Each structure stands twice: as structure tokens, then as C-alpha cells.
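As C-alpha cells, the structure follows; a few thoughts come after it.
The values are calculated or read from the model by the stated rules, or taken from the named source; none is laboratory data. None of the values given here were measured: they were computed from a predicted structure. Cβ sites come from the backbone with ideal geometry, for glycine too, and all protein chains shown count toward neighbours.
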Amino acid sequence: MFAKLRLVLALPGLALLFAGTATAQPADGGIALELNKLEQVDGACRAYLVVQNPGTAAIDSLDLDLVTFQPDGVIGARFRVELAPVPAAKTLVKSFDFEGIACTEVERVLLNDVVACTPLERPACLDALKLSTLDRDFFK
């Protein structure tokens, strides 16, 4: 079952996550995160993310602070998710569970912050992240 979900950014004007530094620089396209699927499994809502790193530097850490919102707009829960490692020039599927939450109770997901992003600096990561979804209302 596909729940309608949106991923939004916490900070105004942010649309991308990984920008380059002098030592490690992803491709002009940045790092893409696609929220591809939600699936109910054993007391949790499992999220599947497609992570694309078109750059020449591997991502050693990509630690995200996520917040779920219920259909009525009330905050549901807060989660921390580590999506790395992601090799250079590689696309991977990563999954994680929103424990104790039914997928029907997840209206949207907020990318609240980037906790860690190695080898890049956190502000550079925020500038380069590209968010998308198969359901256009799901991940904004």
C-alpha cells in the first residue's frame, strides 16, 4: 500500500543536500534522494529511499534527522537515519523503519536537519540535496 507522503525541507529555500568542497565534490547534479515506497511491516512503516551519488567522492556518513507528520498535521515521531556508505558514481536502495507507526498515519516526512555528512561539511550537504518521489505530493 502506498501512503500519500511528502518529504519537505525544514529550512526555507533549501532544495539540495550535497555541495562540493575543495577536497570532495559531487557532480553538478548533487546527491539525489528519492522516496520510492512505503510498506507496512510488522508494526512499522518501512520507507525505501533511492540514493544516487553521481560524484567522484564516496559518502562515508549521511545522518539525517527526520520527522513524520500525521494526516491531521500533528507531529507523529522523530527519527535519525544513517544512509551511508554510498560509493562514488553509485545508486543504492536504502530502507529503514518508522517503528510503531502505521504507513496510513504518515502524511509527510520532514527532513529536519543533516546531523552528519562526511566527507563534506554540513552546510555544503544542505546545499546539494535533491529530493524527489514517485508520488509528486509525497516528497517535497
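Per-structure values
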| item | result |
| --- | --- |
| Failed item in (1) at pLDDT 90 or above; (2) in contact with an Asp or Glu (Cβ under 8 Å, 6 or more places away or on another chain); (3) not in a strand (DSSP E or B), with F2 passing the rest | (1) |
| Among residues of the range 38-79, those that are under 15 Å from I101 (Cα atoms), assigned to a strand (DSSP E or B) and out of contact with any Lys or Arg (no Cβ under 9 Å at 6 or more places or on another chain), counted | 8 |
| Check on E99, out of contact with any strand residue (DSSP E or B) (no Cβ under 8 Å at 6 or more places or on another chain) and surrounded by fewer than 16 Cβ atoms within 10 Å (Cβ to Cβ) | no |
| Residue tally, condition closer than 16 Å to L131 by Cβ and not polar (S, T, N, Q), over the range 63-91 | 8 |
| Failed item, numbered, when A88 is tested on (1) in a loop (DSSP other than H, G, I, E, B); (2) crowded, with 16+ Cβ neighbours inside 10 Å | (2) |
| Qualifying residue in the range 50-61 (condition: surrounded by fewer than 16 Cβ atoms within 10 Å (Cβ to Cβ) and within 14 Å of the chain's Cα centre (by Cα)) | no |
| Output for the range 66-82, where each listed residue is within 17 Å of the chain's Cα centre (by Cα), farther than 13 Å from D113 by Cα and surrounded by fewer than 18 Cβ atoms within 10 Å (Cβ to Cβ) | A77 |
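Here is a yes/no grid of residues against (1) outside any strand (DSSP E or B); (2) modelled with pLDDT under 95:
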site	(1), (2)
L92	no, no
S95	no, no
L111	no, yes
V114	no, yes
C117	no, yes
P123	yes, yes
L126	yes, yes
